[in-house]
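Some notes on the structure that comes next.
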Amino acid sequence: MYRVWNFITTYSILLISGAVLALIWANIDPHSYHHFVEYPLFFNSWIGLDVGYWEKAYGEAVHHFEYGDVEKVVTFHYLINDMLMALFFAIAGKEVWEAVILKNGSLRGKKAATPLVATAGGMLGPIAVYLGIAYFLGSSTFDAVSRGWAIPTATDIAFSYLVGRLVFGAGHPAVRFLLLLAIADDAAGLIILAIFYPSGELAPEWLLLSVAASVLAYVLFNWLPRRRDRGDQLRRHSTFVRKKLGWMPYAIAGCLSWFGFAQAGIHPALGLLPVIPAIPHADRAFGIFSEAEKYLTDTLNQMEHSLAIPVDIVLFFFGLLNAGVEFGAISEATWLVLAGLIIGKPVGILFMGWLAAGPMRLGLPAGMRTVDLIVVGFVAAIGFTVSLFVASVAFAPGPVQDAAKMGALFSFGAVFLSFIAGKLFKVEKQNSA
């Protein structure tokens with residue numbers, strides 16, 4: 001049973017299973033599927049979707065619920081996407097943080113800038129392909145689909161990370177490169193959503209809560225105990241915090257930071273990232289979920305490995321609640337989104353990544369080749385979740401929105417292109433860091 005479960009967690013079979021089940025369910029009985037996805041778990045006045053928006057979007061299915069004088073509703077979809085997926089982003093952020101901050105981190109120093117420059121290419125390339133092809137299809141088509149230019153800019157961090165591990169191996173520096181690129185891509189995508197597709201007013205002052213929570217957690221439970229332990233070989237204060245308090249102070253800081261992101265109008269799934277630098281960490285890393293890291297006693301690694309199985313279960317529901325798209329509506333928007341992803345992403349990432357590593361002299365992580373950028377580009381072409389979300393806000397419900405969502409779903413074809421590119425460019429898998 002241990003070997004079976006280890007296989008499931010390593011290759012995220014639960015995530016794929018949830019997505020496949022969603023596709024089958026949504027096309028057999030779409031009404032019950034969407035009722036399940038948007039089922040209200042509890043009403044309140046603090047977190048969740050605005051009740052007015054929820055009523056307008058799902059009025060026919062939710063009219064029988066009585067919720068009184070409240071402003072927010074937490075649906076099953078919100079619970080997974082906006083709350084629990086924050087744990088996955090935290091684990092991914094931890095790996096990137098270690099790659100940047102540790103002495104021998106593969107993204108340390110100026111090389112950390114290369115994935116960020118490549119991210120710009122991975123967004124500009126899809127926009128150029130999407131709008132360029134739409135322009136040549138004629139003015140009527142361009143007018144109908146132009147608002148969807150941001151859909152193919154997205155990279156689905158969950159599925160791209162899964163495929164990246166399979167193509168490169170868990171220990172390949174390209175995986176950490178891909179993680180940083182995907183997180184930066186999603187962050188930039190959220191900025192695009194806030195600026196070009198506003199759903200409400202931003203409240204950046206709430207980010208002060210996230211910053212304060214992170215700073216207080218670092219000062220009180222990380223820096224101060226170590227300072228008081230100067231000259232004490234037993235490190236009594238640090239040991240007390242680690243053994244008696246454990247992860248609790250950082251969990252509280254994470255909740256506050258998450259709430260700050262939610263109130264600020266920024267996607268709360270990224271709300272735990274500011275707290276990661278505040279958590280005590282070892283001076284070395286062996287790769288995500290590595291067996292060797294289980295023997296490190298620092299709080300950050302202990303928290304990561306404690307979250308491994310819960311996060312895989314969350315990923316199952318993530319796939320189940322996000323992949324339920326009905327087949328049937330395929331039009332120009334479908335192919336525009338797909339072309340933006342599978343053509344624009346690899347070309348943009350390769351060009352800007354080469355520009356950063358070569359002419360700009362920023363370099364690549366040790367062990368990563370320039371041709372690996374092409375494979376990274378195909379892996380990053382899996383749009384899925386964020387692409388589906390952008391499609392839902394870029395277009396009004398109807399044929400164009402459905403067609404755009406189908407394009408985002410078809411981007412799963414980039415999985416096969418990633419494996420083909422990996423073979424063609426002779427990627428050597430590295431299963432240990």
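The values are calculated or read from the model by the stated rules, or taken from the named source; none is laboratory data. Everything numeric in this text was worked out from a predicted model, so none of it was measured. As a convention, Cβ positions derive from the backbone with ideal geometry for all residues, glycine included, and neighbour counts pool all protein chains shown. Keep in mind that these areas ignore ligands, DNA and RNA; they rest on the heavy atoms of the full protein, side chains included. Shrake-Rupley method; radii C 1.70, N 1.55, O 1.52, S 1.80 Å.
Tabulated data
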read-out: Packing rank of 244-255, 337-348, where each peptide gets the mean count of other beta carbons within 10 Å, highest leading; value: 337-348, 244-255
read-out: Column: log10 I(q)/I(0), Debye, Cα scatterers of the chain, q = 0.11 Å⁻¹; value: -0.88
read-out: Surface share of carbon and sulfur [accessible, 1.4 angstrom probe, percent] for the chain; value: 66 percent
read-out: G265 long-range amide H proximity, modeled H, under 5 Å; value: A203
read-out: For the stretch 322-433, projected area of the alpha-carbon convex hull averaged over all directions, nm²; value: 8.5 nm²
read-out: Max mean-square fluctuation residue, GNM over the chain, Cα-Cα springs under 10 Å, options P126, P173, P277; value: P277
read-out: Extension reserve of the L245-R230 stretch, reckoned as 0.36 nm per residue once the Cα distance is removed; value: 3.4 nm
read-out: Sequence ranges 152-163, 25-36, 369-380, ranked by mean other-Cβ count within 10 angstrom, highest first; value: 152-163, 369-380, 25-36
read-out: Residue-span extension gain [S32 to L137] - 0.36 nm each, minus C-alpha spacing; value: 34.1 nm
read-out: Whole-Hz couplings from phi, Karplus 6.51/-1.76/1.60, listed for the stretch 239-245; x for Gly and Pro; value: 5, 4, 4, 5, 8, 8, 9
read-out: J(HN,Hα) series, the stretch 229-236, from Karplus relation 6.51 cos²θ - 1.76 cosθ + 1.60, nearest Hz, glycine and proline x; value: 8, 4, x, 9, 5, 7, 6, 4
read-out: Solvent-accessible heavy-atom area per residue, rounded to whole Å², over the stretch 370-418 at 1.4 Å; value: 28 Å²
read-out: Loop sites in the stretch 148-238: trypsin sites (Lys or Arg not before Pro), DSSP, at most 11 other Cβ within 10 Å; value: R230
read-out: Karplus 3J(HN,Hα) series, Hz, for the stretch 134-139 with 6.51 cos²θ - 1.76 cosθ + 1.60 (x for Gly, Pro); value: 4, 5, 6, 7, x, 5
read-out: Distant-in-sequence amide H partners of F42 (H built 1.01 Å from N, under 5 Å); value: V74
read-out: Label-point gap, in nm, between F416 and A187 - each point 7 angstrom along Cα→Cβ; value: 3.5 nm
